[in-house]
1. Hey, what do the phi angles of the range 76-84 turn into as Karplus ³J(HN,Hα) couplings, whole Hz, using 6.51/-1.76/1.60 and θ = phi - 60°, x for Gly and Pro?
2. Once Rh for the range 342-396 is found with the Kirkwood sum over Cα pairs, what is the Stokes-Einstein diffusion coefficient at 25 °C and 0.890 mPa s, in µm²/s?
3. Output the Cα-based Rg and Dmax of the range 107-255 in Å, rounding Rg to one decimal and Dmax to a whole number.
4. What are the ³J(HN,Hα) couplings of the range 152-164, residue after residue, when phi is run through the Karplus curve with 6.51, -1.76, 1.60 and θ = phi - 60°? Round to Hz, x for glycine and proline.
5. For the chain, which whole percent of the accessible surface, found with a 1.4 angstrom probe, sits on carbon and sulfur atoms?
6. Any idea of the accessible area per residue across the range 259-396, 1.4 Å probe, to the nearest Å²?
7. So if I restrict to the alpha-carbon atoms in the range 241-396, what is the Rg, and what is Dmax, the biggest pairwise distance, in Å?
8. Could I get the Rg over Rh figure for the chain? Both from C-alpha atoms, Rh via Kirkwood, rounded to two places.
Amino acid sequence: MAFAPMGPEASFFAVLDQHRASLLAALRRGGGEPSGGGTPQASSSEVLASIESVIQDIITSVARNEAPAFTIGNRSSWENIKFEDSVGLQMVTHCTTRKIKSDSLKSVKKFALILKILSKIYKLVQSNTYATKRDIYYTDSQLFGNQTVVDNIINDISCMLKVPRMSLHILSTSKGLIAGNLRYIEEDGTRVHCTCGATAVAVPSNIQGIRNLITDAKFLLIVEKDATFQRLLDDNFCNRMSPCIMVTGKGVPDLNTRLLVKKLWDTFHIPVFALVDADPHGIEIMCIYKYGSVAMSFEAHNLTVPAIRWLGLLPSDIKRLNIPRDTLIPLTKRDQMKLDSVLKRPYVTCQPFWRKEMEIMADSKMKAEIQALTFLSSDYLSRVYLPNKLKFGGWI
């Protein structure tokens with residue numbers, strides 16, 4: 001045993017163990033997953049060859065007296081998306097594209113910026129060094145204007161070259177946190193021992209580089225908000241439910257938090273649950289972890305975990321627990337638009353129980369934050385709600 005469990009008796013986890021057995025059986029029926037999961041990282045030579053091919057096309061265009069352009073898949077269109085329950089939202093092979101032209105006033109600056117960042121990536125890969133997106137931005141902050149410009153261009157380059165972003169040797173600063181029964185070694189040899197204490201560990205910035213992961217965890221709990229995550233740590237939830245792992249992306253998850261959740265699933269195949277607010281925004285965040293997003297659909301195989309289950313807060317729990325109406329929040333127009341949007345998405349078709357919960361929310365025209373449970377008692381979430389859900393299989 002890698003850890004000394006301090007949590008409930010083994011019988012507490014009986015339903016969880018059955019759930020894990022069903023997940024493993026489903027994996028076997030589907031032919032299993034490749035070791036490490038996801039799409040293999042592109043080798044340095046493959047990335048360099050891809051960049052050289054793009055530059056060769058530019059040189060050829062110039063030689064023909066034609067204005068060079070980059071052709072990039074349209075990452076914002078649902079027309080380019082196909083859905084598979086076992087993977088999530090994926091970009092179709094023959095997707096619609098857009099051209100970033102060098103002879104258009106509208107796109108010439110972006111063309112130049114792509115070329116500049118391609119040059120940086122080539123040098124990083126060639127020298128086997130890494131840089132953060134922030135490093136790239138500060139090489140010429142005036143030229144780039146803001147960090148979002150750099151972030152979007154890096155994703156466009158990854159999509160254009162058809163290689164995972166990690167293969168470009170560009171890292172992003174992590175905002176996520178992890179706690180619980182987990183140990184691993186980072187790429188530089190640093191040994192990390194996550195604990196069940198009050199202090200969490202920052203999600204590593206190079207997920208691909210972590211190795212020797214060890215855990216006895218019975219489940220992984222994804223917590224939408226940092227405030228809820230910290231409250232669970234303060235309430236000693238990790239020790240009470242040990243062995244387990246908790247992760248938060250502090251709202252909409254960054255790439256590293258999604259990569260970590262995917263790596264933990266691929267490595268251990270333990271049940272993964274989501275704890276989000278009973279509102280359209282929380283549901284969408286859970287869907288990003290489970291099925292991915294349109295913008296990153298070209299890298300779905302490395303990011304999605306379709307095995308995730310919705311643990312709470314369910315809209316049906318609000319009525320079941322008699323949470324007073326005055327602790328609820330009316331849906332705004334923006335909330336209703338978001339809810340309508342999620343209900344129309346392809347993955348809702350294969351999730352009838354999710355649809356039912358969203359329809360309960362739509363009918364009530366009310367939403368609830370997880371903090372609404374404190375009306376019942378200050379530690380109701382950690383002492384009653386989550387333990388009962390985990391013990392009796394209260395997930396969908």
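1. 10, 10, 5, 4, 8, 10, 10, 10, 10
2. Stokes-Einstein gives a translational diffusion coefficient of 186 µm²/s.
3. Here Rg and the maximum Cα pair distance are 18.3, 58 Å.
4. Residue by residue, the range 152-164 yields 5, 5, 4, 5, 4, 5, 4, 5, 5, 7, 6, 10, x Hz.
5. Result for the chain: 52 percent of the exposed heavy-atom area is carbon or sulfur.
6. So the range 259-396 comes to 40 Å² accessible per residue, rounded to a whole number.
7. So, for the range 241-396, Rg and Dmax equal 15.5, 44 Å respectively.
8. On the Cα set of the chain, Rg over Rh gives 1.00.
The values are calculated or read from the model by the stated rules, or taken from the named source; none is laboratory data. Not measured: the values here are computed from a predicted model. All Cβ positions, even for glycine, are placed from backbone atoms using ideal geometry, and neighbour counts span all protein chains on display. When the accessible area is computed, the model is the full protein with side chains, heavy atoms only, and any ligands, DNA or RNA have been set aside. Shrake-Rupley method; radii C 1.70, N 1.55, O 1.52, S 1.80 Å.
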